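Here is the structure we will look at, set down as structure tokens.
The values are calculated or read from the model by the stated rules, or taken from the named source; none is laboratory data. Not measured: the values here are computed from a predicted model. Glycine gets a Cβ as well: all are built from the backbone with ideal geometry, and neighbour counts include every protein chain shown. Just the protein is used for accessible areas: all its heavy atoms, side chains included, with ligands, DNA and RNA removed. Shrake-Rupley method; radii C 1.70, N 1.55, O 1.52, S 1.80 Å.
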Amino acid sequence: MFILDKILPFIFSYIRPFIKWFLHVFTRLSELQRICYGARAGASRCRQIERSLLQSKQPEIKILLHELDEASAYASDKELLYFAPRAVQIVSRVKRIKSNVHPDFGRLFGNCVTTIWGYKRLMHQVEELRAEQYDSDNLDHERKLWELWQLLMPDTPLTGRISKQWQEIGFQGDDPKTDFRGMGILGLDNLLYFASAYNDAAKHVLLHSMHPTLGYTYAIVGINLTALAFNLLRTGAAKTHFYNQVALHKQNFSTIEDFHKLYCYLFFEFDRFWMDSSPRNIMDFREVYQAFEITKLEALHNDNTIFKTNLVVESV
């Protein structure tokens with residue numbers, strides 16, 4: 001099996017040009033056109049378009065991909081929308097696709113371009129937040145931390161910035177800033193978004209975390225789930241979800257808010273998974289966490305998967 005895994009990609013790369021030539025002669029359509037017209041909108045179409053572009057040997061297309069990659073990291077929303085017409089123009093010229101003969105190609109291919117490079121921009125935005133360390137001298141960071149407490153514990157005044165009370169919402173010590181070292185301000189932003197956008201669900205999960213036998217450290221688990229969401233995004237596994245989400249909601253591209261919503265989904269679902277697993281104690285966290293991660297990775301292998309943030313709370 002290991003030998004086949006090594007040999008088959010090599011064989012396919014060798015015969016791929018012949019397959020493309022045969023299909024082009026038979027259908028009179030380029031590979032990109034066949035994908036746009038034949039693949040389902042969302043992850044299936046975008047993944048195939050992305051793969052086809054990366055495998056292209058056309059110099060103009062290679063230059064285009066490099067330029068879009070370079071520009072996407074700091075592109076504004078308006079600038080990102082210009083990627084599609086530029087890519088359509090170059091690809092249509094290289095592939096000799098006439099817009100009057102194939103009027104739908106530009107729209108379908110352009111949507112994929114915006115979705116693909118929107119994802120790349122999102123990766124950069126998320127990485128910047130992860131790399132930004134919590135700074136107690138930064139008033140914005142401090143405000144977010146106080147707001148998190150007020151949203152989760154509205155009836156309990158916080159006695160001070162350094163306080164054992166932080167352990168009540170699952171931080172490890174008296175000063176929460178030390179717990180954000182791994183995921184930076186991204187960890188705090190995720191926790192705060194969950195508590196503000198889905199307050200009932202967040203308090204429902206917090207209540208579960210205080211269970212006398214099935215409890216866990218809410219904030220620390222939340223930061224671990226930030227790491228999970230970040231890794232799904234970084235490795236490309238989350239493309240399935242984000243590509244389908246853009247297609248379903250007719251968005252132009254994924255945003256940082258979409259990443260926060262993915263995090264909320266993961267936290268809410270992990271809490272349910274944890275309770276259903278009936279762990280002996282918090283020492284089972286790593287085992288349960290890894291099992292949860294596997295279920296999400298398996299789901300993302302299905303091109304039709306989309307994680308919906310319909311966080312229904314029956315009772316708090």
**OP:** Run the quick spin-label model on Thr156 and Asn138: label points 7 Å from Cα toward the beta carbon, then report their separation in nm to one decimal.
**Re:** 2.7
**OP:** Working from Cα positions, state the angle (0 to 90°, nearest 10) between the long axis of helix 2-27 and the longest principal axis of the chain.
**Re:** 50
Original post:
Between segment 119-155 and segment 199-224, how many Å separate their Cα centres?
Top reply: 19
**OP:** Pick out which of Asn199, Asn281, Asn231 has the largest mean-square fluctuation in a Gaussian network model of the chain, springs linking Cα atoms closer than 10 Å.
**Re:** Asn281
Subject >> Accessible-area ranking of Leu311, Leu233, largest first, probe 1.4 Å >> reply: Leu311, Leu233
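Counting only heavy atoms of the protein chains, get the accessible area per residue of the chain (1.4 Å probe) and round it to a whole Å² value.
Value for the chain: 53 Å² per residue.
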Subject >> Residue-averaged 222 nm ellipticity for the chain, from DSSP H runs of 4+ at -39500 (n - 2.57), nearest 500 >> reply: -22000 deg cm²/dmol
**OP:** Check the straight Cα-Cα distances from Lys296 and name the aspartates and glutamates below 13 Å, setting aside those fewer than 8 residues away within the same chain.
**Re:** Glu269
**OP:** State log₁₀ I(q)/I(0) for segment 146-257 at q = 0.12 Å⁻¹ as given by the Debye formula over alpha-carbon point scatterers of equal weight, solvent excluded.
**Re:** -0.49
Original post:
Using a Gaussian network for the chain with springs between C-alpha atoms less than 10 Å apart, which of these wobbles most: Asp189, Asp175, Asp276?
Top reply: Asp276
Subject >> Rounded to 10°, Cα long-axis angle of helix 184-197 versus longest principal axis of the chain >> reply: 80
Original post:
Using alpha carbons only, how many degrees (0 to 90, rounded to 10) separate the axis of helix 83-95 from the longest principal axis of the chain?
Top reply: 30
Original post:
Roughly speaking, to the nearest percent, how much of the chain's 1.4 Å accessible area is carbon and sulfur?
Top reply: 55
Original post:
If you put +1 on each Lys and Arg Cβ and -1 on each Asp and Glu Cβ, how big is the dipole of the chain around its Cα centre, in Debye rounded to 20?
Top reply: 2120
**OP:** Note down the net charge around Tyr74, summing +1 for each Lys or Arg and -1 for each Asp or Glu among other residues with Cβ under 14 Å from its Cβ.
**Re:** -4
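Could you compute the net charge surrounding Ser278? Neighbours are other residues with a C-beta less than 15 Å from the C-beta of Ser278; K and R count +1, D and E count -1.
-2
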Subject >> GNM result for the chain, Cα springs below 10 Å: residue of Phe230, Phe253, Phe273 fluctuating most strongly >> reply: Phe273
Subject >> Neighbour net charge for Ile294 - beta-carbon separation under 14 angstrom, K R +1, D E -1 >> reply: -2
Original post:
How much length, in nm to one decimal, is gained on full extension between Lys308 and Gln55, taken as 0.36 nm per residue of separation minus their Cα-Cα distance?
Top reply: 87.8 nm
**OP:** Pull out the extension gain between Ala299 and Glu257, defined as 0.36 nm times the separation in residues minus the alpha carbon to alpha carbon distance; nm, one decimal.
**Re:** 12.9 nm
